[in-house]
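Notes to accompany the following structure.
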Amino acid sequence: MADAVIRGANNASIDGVEVRARPALDADAGDLLWADAFILGTPENFGYMSGAMKYFLDRVYYPCEGKLAGLPYALFVRAGNDGTGAINSMHRILAGLAVKEVQEPVLIAGEFDDSRLADCEELGLTLAAGLEAGVF
């Protein structure tokens, strides 16, 4: 899913948008402060975001608090259950950073369907195109 999102954001038709991709355990507050928008992805574990994503959000929350207001973001989730727990938990934390969700989360629940990867690619493309056009 992440590869498809990155592929969409790096689409050759988009000009002037630099994409930086980092695993949750390697990303830090500097990455968020650098960004003009961001996309977070996680598997759903036990009805919640992954431990790596929670650890990332814990590490960046206070250094970024009050510095990201209005920054556009989007989410994608690979869920074994229905995905709502992972999405809701991320929404709660991100609300405290005052960032703005600009697209509905891409959620793949249950058995993996390769055809849904197009939705992931579109997520990356749409956010990058919105940045390029100055919509976000």
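Only the coordinates and a few stated rules stand behind these numbers; no lab work does. What you are looking at is a predicted structure, and each value in this text was computed from that prediction instead of being measured. Here Cβ is always computed from backbone atoms with ideal geometry, including for glycine, and neighbour counts include all displayed protein chains.
Brief remarks follow.
Results for (1) within 22 Å of R116 (Cα to Cα); (2) crowded, with 17+ Cβ neighbours inside 10 Å; (3) not aliphatic (A, V, I, L, M), shown as yes or no for each residue.
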| residue | (1), (2), (3) |
| --- | --- |
| R7 | yes, no, yes |
| E18 | no, no, yes |
| A21 | yes, no, no |
| S50 | yes, yes, yes |
| A79 | yes, yes, no |
| I87 | yes, yes, no |
| A95 | no, no, no |
| A98 | no, no, no |
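- The listed residue being in contact (Cβ under 8 Å) with a residue 12 or more places away in the chain and either farther than 13 Å from L123 by Cβ or polar (S, T, N, Q) (or both), out of I14, I108, I39: I14
- Filtered by the rule that a residue be within 15 Å of L131 (Cα to Cα), of a type in the set (D, E, K, R) and more than 14 Å from the chain's Cα centre (by Cα), the range 1-51 gives D15, E18.
- Filtering the range 100-136 to residues that are surrounded by 14 or more Cβ atoms within 10 Å (Cβ to Cβ), part of a helix (DSSP H, G or I) and not aliphatic (A, V, I, L, M) leaves R116, D119, C120, E121, E122, G124, T126, G130, E132.
- Residue in the range 20-62 that is farthest from A4 (Cα to Cα), counting only those that are β-branched (V, I, T) and assigned to a strand (DSSP E or B): T42
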